[in-house]
Amino acid sequence: MLNLESVVRITFLVAMVTYSLLGQTVYGDDYEPVKSLVDKYSQASDDNKRKEVFKKLSQTEPKSQEDSDNLRKVFQKKDWDEILFAGSAESIKKIKDPSLDRTLIEILKDEKSFLEKASRKDHGGKSEKEVNYRLRNVEVIIRKLGDFKSQNAVPILKEYLAIQGAAYWASEALAKIGDKSTIDQIKEKAYKGEEINYGGQGSDEALTIVRDLEDKRKKDNWPKIAKQIINIRDPKAKPHLKRLLNHEQDYIRWEAASRLMALADETDAPAIIEMSKNKDNSVRTQAIYAMQKMKNIEFGDELIAMLNDWSPLVRSRAAKALGYKKIERAVPNLEKAIKDSELRDENISGSGEKKEELRVREEAFIALYILTGKKYNYKGKTDRIDAIAEDQKMTPSFY
């Protein structure tokens, strides 16, 4: 008859075997718990064995609360080990289960005091390398909580809004979660020129930015407000951005055109054509980029017309776009663009202007080679451009 001690021992062994088999069944044969890997790292007798463990840990997706809790313990260690920390940080990136947000939130709480000091250039005796590792790890965690749309993370993210260097990540995460309880605070920081994401909070905030950039009473603050245009990501904001394309300030026109290009789709074709006729050459250039994006719309007539633009920047971008989109009917116009550029080159004296005209000829040459397989001669041709043309014919680049 088995005594109580034997029964307990057998029960424990059965439980351990069951846990091991269950882990393999649920998580796959290659799965190894984070704790096991961390223990192996601590027990490794040489650098090669530690590197092996690092490699596996960095490729491990945490599957359980226990896994994520053990990663947290690594980050809490007072004796910082770069390799172990780096492997654990890579493992954190691979978390896919939103239910593990609790541990991520706790890590942010652990790191908050350090981040506050670091923002004041007080590293608390930590090396520059460790500081950078911890900053990157916090950024990854905040972005992941945003991607998870974790409502549980809102309180700690609000606290991170007050930390310089982390406020942008926190505001972006709050936007993804959809929490606007601190929107006034975020706006105030944005309008002071601080690094924070107000424009990405939604179409209502985008409209506020546009209205404030149209308000001449706020003209002195336009440079700071305009920095938020790049953060606008809601497609519903496109009509608001179009209002800024004829703004009195060139930097605002450019920011609006750049963001509109990034958000544009084929439904915006009429607006893009209108942009191609804008008085500002930077707006016209962004229109060309938008035309390149839209693979199902040719825009041949518009791009060919821009080969006659007064701006060499626009002409060079139009030439590149014609090659990129492989608009074969543009061949005669590209040939003419080279000749016209050579004539302009003869009538200008500034070295900067001559370089811009040479760029027109180079892009027209590359486009012609993509379209015809023929290498044309032109003033200023070099072997370097010949080599670039070969690469572009194989794989035309967007920029």
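Observations, loosely collected:
- Simple rule: put +1 on each Lys or Arg Cβ and -1 on each Asp or Glu Cβ in the range 282-364, find the dipole, and look at Ala318, Ser349, Asn333; the Cα lying farthest toward the positive end is Ala318.
- Residues of type lysines that Lys121 reaches as a straight line, Cα spacing below 16 Å, ignoring anything fewer than 8 places off in the same chain: Lys112, Lys129
- Available extension along the chain between Gln65 and Gln151 is 29.2 nm, counting 0.36 nm per residue and deducting the alpha carbon span.
- One chain, two ends: Tyr399 and Ala162. Fully extended at 0.36 nm per residue, the span grows by 81.5 nm beyond their Cα-Cα distance.
- Geometric extent, Cα atoms of the range 208-322 - Rg, Dmax (angstrom): 14.2, 43
- For Lys129, neighbours were defined as the other residues whose beta-carbon sits under 15 Å from its Cβ, and their charges (Lys and Arg +1, Asp and Glu -1) total -2.
- Averaging Cα coordinates gives a centre for the range 160-199 and one for the range 236-280; these two points are 25 Å apart.
- Structure-based [θ]222 nm, the chain - -39500 (n - 2.57) summed over DSSP H runs of at least 4, per residue, nearest 500: -20500 deg cm²/dmol
- Debye, to nearest 20: dipole size of the chain, +1 on Lys, Arg Cβ, -1 on Asp, Glu Cβ: 520 debye
- Förster-model FRET efficiency, 30 Å R0, Leu343 and Ile388, C-beta, rounded to 0.05: 0.80
- Translational diffusion of the chain, µm² s⁻¹ [Kirkwood Rh, Cα pairs; Stokes-Einstein; 4 °C; 1.567 mPa s]: 50 µm²/s
- Order of Lys326, Lys375, Lys216 - criterion: other Cβ atoms within 10 Å of each residue's Cβ, fewest first: Lys216, Lys326, Lys375
- Ranked Phe398, Phe299, Phe148, criterion: other C-beta atoms within 10 Å, fewest first: Phe398, Phe148, Phe299
- Seen against the Cα atoms of the chain and their longest principal axis, helix 4-27 is set at about 10 degrees.
- Principal-axis analysis of the Cα atoms of the chain puts helix 250-263 at an angle of about 60° to the longest axis.
- The Cβ shell under 12 Å around Glu90 holds other residues with a net charge of +4, Lys and Arg each +1, Asp and Glu each -1.
- Between Lys374 and Lys40, the modelled label-to-label distance comes to 6.4 nm, taking each label 7 Å out from Cα in the direction of the beta carbon.
- Farthest toward the positive end of the dipole of the chain, out of Ala44, Ala290, Ile142, is the Cα of Ala290, where the dipole comes from beta carbon charges about the Cα centre.
- Separation of the range 39-105 from the range 356-399 is 50 Å, based on Cα centroids.
- Rounded to 10°, Cα long-axis angle of helix 167-177 versus longest principal axis of the chain: 80 degrees
- For the range 61-70, backbone phi angles converted through the Karplus equation (6.51, -1.76, 1.60; θ = phi - 60°) give residue-by-residue couplings of 8, x, 10, 9, 4, 4, 4, 5, 5, 6 Hz, Gly and Pro being listed as x.
- Ranked from largest, the principal axis spans of the Cα set of the range 292-399 equal 41, 28, 23 Å.
Each reported figure results from applying straightforward, stated rules to the coordinates on display, with no laboratory input. Computed from a predicted structure; not experimentally measured. FYI the Cβ positions are ideal-geometry reconstructions off the backbone, even for glycines, and counts take in every protein chain you see.
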